[in-house]
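K.L.:
Here it is: the structure, laid out below.
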Amino acid sequence: MNKLKLVAVLVVMIVSTTVFSQKSVKIGHINSNELLSAMPERTKVQGELEKYANELKGTLETMRKEYELKIQEFQSKQDVMTEVIKNSKIKEITDLEKRITEFQQTAEADLQKKEQELLQPIIDKAKDAINTVAKEGSFTYILDSSVGVVLYSVESDDILPLVKKKLGL
């Protein structure tokens with residue numbers, strides 16, 4: 001009988017300790033793309049990116065016009081050119097083609113770098129607001145529903161309204 005009581009007490013202690021030591025898990029979700037789109041800074045960044053992209057397009061267009069003019073000039077005068085001048089013009093046109101290709105590649109990389117540079121402060125601000133809301137709401141996890149990585153989940157709290165409120169949107 002004593003052993004039975006001792007075992008019963010031990011079982012009750014183990015079960016109660018296990019139950020009380022477990023933290024409750026609170027999961028929330030947010031659509032980060034929707035949040036970033038709602039932030040007014042995003043519009044300013046978009047405008048700056050468009051302006052920068054247009055500057056790059058302008059430079060590229062100028063280079064293409066120069067290329068087309070050189071081709072037309074070469075085609076119209078190639079019959080009267082000496083072999084040395086013809087080879088020189090062909091090299092000049094080939095070099096210009098190479099410069100245009102290199103410029104396109106560099107321009108694309110620069111545009112992506114500029115976008116990341118301009119968006120990073122906005123992303124940081126959103127992340128800070130999400131972290132603050134998560135701490136204030138005692139959330140254990142916040143999932144980003146915009147990237148579609150959650151295939152199944154129980155119903156969770158959407159914290160987008162709370163984060164927008166925190167940002168004053």
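No value in this document is a laboratory result; all are computed from the given coordinates. Treat the numbers as computed from the prediction; the structure is a model and nothing was measured. As a convention, Cβ positions derive from the backbone with ideal geometry for all residues, glycine included, and neighbour counts pool all protein chains shown.
K.L.:
Can you return the lysines within cross-link range of LYS44? Criterion is Cα-Cα under 28 Å, with same-chain partners fewer than 8 residues away left out.
P.N.:
Partners found: LYS57, LYS113, LYS114, LYS125, LYS127, LYS164, LYS165, LYS166.
K.L.:
List the chymotrypsin sites (Phe, Trp or Tyr not before Pro) within the stretch 85-169 that fall in a DSSP loop (any state other than H, G, I, E or B) and whose Cβ has at most 12 other Cβ atoms within 10 Å. Walk me through the numbers on the way to the answer.
P.N.:
Details: sites: PHE103, PHE139, TYR141, TYR152; in loops: PHE139, TYR152.
Counting only loop positions with at most 12 other Cβ atoms within 10 Å, the chymotrypsin sites (Phe, Trp or Tyr not before Pro) in the stretch 85-169 are TYR152.
K.L.:
Identify, among PRO121, PHE103, GLN46, the residue whose Cα sits farthest towards the positive end of the charge dipole of the stretch 24-167, taking +1 on the Cβ of Lys and Arg and -1 on the Cβ of Asp and Glu, with the dipole about the Cα centre.
P.N.:
PRO121
K.L.:
Along each principal axis of its Cα atoms, how long is the stretch 45-117 end to end? Whole angstroms, biggest number first, please.
P.N.:
53, 16, 9 Å, listed from the longest principal axis down.
K.L.:
In the stretch 24-167, what is the volume of the convex hull around the alpha carbon atoms, normalised per residue and reported in Å³? Before the final figure, lay out the partial values.
P.N.:
Values: hull volume 18.9 nm³, N = 144.
Taking the convex hull of the Cα positions in the stretch 24-167, it is 131 Å³ per residue.
K.L.:
Which of the lysines could a cross-linker bridge to LYS86, judged by Cα under 23 Å and excluding same-chain residues fewer than eight apart?
P.N.:
Within the straight-line limit of under 23 Å, LYS86 reaches these lysines: LYS65, LYS70, LYS77, LYS98.
K.L.:
While we're on this one: What's the magnitude of the charge dipole for the stretch 24-167 around its Cα centre, counting Lys and Arg as +1 and Asp and Glu as -1 at the beta-carbon? Answer in Debye, nearest 20. Don't skip to the end; give the middle numbers.
P.N.:
Values: 22 positive and 26 negative charges, 41 e Å.
Dipole size: approximately 200 debye.
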